[in-house]
1. When the helix-only estimate is applied to the chain (DSSP H runs of n ≥ 4, each -39,500 (n - 2.57), divided by the residue count), what is the mean residue ellipticity at 222 nm, nearest 500 deg cm²/dmol?
2. What's the magnitude of the charge dipole for segment 3-147 around its Cα centre, counting Lys and Arg as +1 and Asp and Glu as -1 at the beta-carbon? Answer in Debye, nearest 20.
3. Beyond 15 Å, what percent of the Cα pairs of segment 56-102 remain?
4. What full-extension length gain, to one decimal in nm, is calculated for LYS134 and GLU75 as 0.36 nm per residue of separation minus the Cα-Cα distance?
5. Rank these for me by crowding, ASP52, ASP41, going from fewest to most other beta carbons within 10 Å.
6. Could you work out how much longer the chain between GLN38 and ASP141 gets when fully extended? Use 0.36 nm per residue separation minus the Cα distance between them, nm to one decimal.
7. Return PHE152, PHE111 ranked ascending by Cβ neighbour count within 10 Å, so the fewest neighbours appear first.
8. Output needed for the chain: three equivalent-ellipsoid semi-axes, defined as square roots of 5 times the C-alpha gyration tensor eigenvalues, in descending order, whole Å.
Amino acid sequence: MDFEKVLAVLQALRLQKVEYVLIGALALTVHGIVRATQDVDLFVRPEMDNLDRLRSALRSVFREDPAIEEISASELAGQYPAVRYCSPDGSLVIGILARLGNAFSYEDIRFEEKDYEGVTVRVATPRMLYGMKKDTLRLQDRADAESLREMFDLGE
């Protein structure tokens, strides 16, 4: 994962006023729990104007990539509301979500704005991340939840 491109995308999201929330391992890193990852996970409001701003932000970083135009509201509103965008050079993969099953939709995600390497990002709160990860089947998610619980003194 190209760290400079991650920062460029996060800055572009801010400049384009995209309604998004950073989740996943990078969100943990923003909160001080460093964990290796190979992608960036974003929850986005799945409305046309917001997705237009999202595509514009991505185009500002990855110029002339036709795959950006394939990110659509209908896909994010479908049965599997997730899209994976891979930059043309393969240096960055972004998971774009509008919903996690029946458990979480964009409106459910509590977030805060934090500085990350000089870029203001919208990141899920530690308690929100904990709630998203603690009961999953994936062992890494459960380990992440335990790290969040310990670092932020999050009880049940």
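Where a number appears in this text, it was derived from the coordinates with a stated rule and is not lab data. Predicted, not measured: the structure shown is a model, and the values here were computed from it. Neighbour counts are summed over all protein chains in view; Cβ atoms, including those assigned to glycine, are modelled from backbone coordinates with ideal geometry.
1. Numbers: 6 runs with 60 residues, N = 156.
Result for the chain: -11500 deg cm²/dmol, rounded to the nearest 500.
2. The calculation lands at about 280 debye.
3. On the way: 486 of 1081 pairs.
Tail fraction, whole percent: 45.
4. Gain on stretching LYS134 to GLU75: 18.5 nm.
5. Starting with the residue having the fewest Cβ neighbours, the order is ASP52, ASP41.
6. 35.6 nm
7. PHE152, PHE111
8. Values: eigenvalues 123, 62, 39 Å².
The three semi-axes for the chain are 25, 18, 14 Å.
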